[in-house]
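Derivation of every value follows stated rules applied to the coordinates shown; laboratory data play no part. The shown structure was predicted, so the numbers you read here are calculated from the model rather than taken from an experiment. Cβ coordinates were reconstructed from backbone atoms using ideal geometry, including for glycine residues, and neighbour counts include every protein chain displayed.
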Amino acid sequence: MTERCRLYLITPAEIEPDKFRDLLAQALDGGDVACVQLRLKGADDDDVRRAADILSPVTGERDVALILNDRPDLAAATGLDGVHIGQRDGSFEEARRLLGDDRIVGVTCHDSRHLAMVAAEQGADYVAFGAFHPTPTKDAIGHPEPEILEWWSETTTVPCVAIGGITVGNCAALVTAGADFIAVLSDVWTHAGGPAAAVKAFNDELDRIGGPAIASGMIC
């Protein structure tokens, strides 16, 4: 049995943690999920800490990694499983210093092979490429083609995440090109049938493409 591509969930940028806790639990109970990225753009530090405190038990009970977007200092302070940093979110070295070697540090690389190689050489636990499709959640800097995933999978064993407008209907090309994880946001949280149905639909498609997942609990 070989490991296949897995889901990497991203939270909406604005949530009420007490209410979102149940939605997150529903999503994670819908099928295999490797990781949840807490993406609270514009929230103050106290709100981020509160969200981490409320949501950590949900992911922890299900052996799913919970990582924070942008803020390695808060990821370390709240005891989360790691951080995802962009090219403007400080240095990889600082993130690794704050989090240590046992927690996750992932790096946005847009559509740049060079940035990905640098991140891998520094010791990133994964690199993220995108946006592969238009997305309403942010103005994407990079617009790679799926070939970058194929090149990456042939070049290194460092996992890669495909991100940007990914849906059940368009994920196949990214998975077959070599994505280890597909990052999804809108297609889960706005799904007409609810987040559990969305996660099940993604997993059904991933099973169809690449066989059953081997759930490791962490993204790497």
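Note on percent of Cα pairs over 24 Å apart: of the candidates (i) 37; (ii) 42; (iii) 46, the value calculated from this structure sits at (i). Shown in residue order for segment 182-189 are the 3J(HN,Hα) couplings computed by the Karplus curve 6.51 cos²θ - 1.76 cosθ + 1.60 at θ = phi - 60°: 10, 8, 10, 9, 4, 5, 9, 6 Hz (x for Gly and Pro).
For the chain, adding -39500 (n - 2.57) for each run of n ≥ 4 DSSP H residues and dividing by the number of residues yields -12000 deg cm²/dmol at 222 nm. Between Val83 and Leu68, Ile104, Val105, Gly106, the built amide H atoms are under 5 Å apart, and every one of these is 5 or more places off in sequence or on another chain. What the phi angles of segment 191-201 give under the Karplus curve with 6.51, -1.76 and 1.60, with θ = phi - 60°, is a coupling list of 4, 4, x, x, x, 5, 5, 5, 5, 4, 4 Hz, glycine and proline written as x. Who wins for biggest fluctuation among Ser56, Ser91, Ser186 in a Gaussian network model of the chain, springs between alpha carbons below 10 Å? In the Gaussian network model the winner is Ser91.
Evaluating 6.51 cos²θ - 1.76 cosθ + 1.60 at θ = phi - 60° for every residue in segment 114-128, the Karplus couplings come out as 5, 4, 5, 5, 4, 4, 4, 5, 6, x, 4, 7, 7, 10, 10 Hz, glycine and proline recorded as x. Largest GNM mean-square fluctuation across Arg88, Arg71, Arg103, computed for the chain with C-alpha springs under 10 Å, falls on Arg88.
If R0 equals 25 Å, the separation of the Cβ atoms of Gln87 and Ser153 corresponds to a calculated FRET efficiency of about 0.70.
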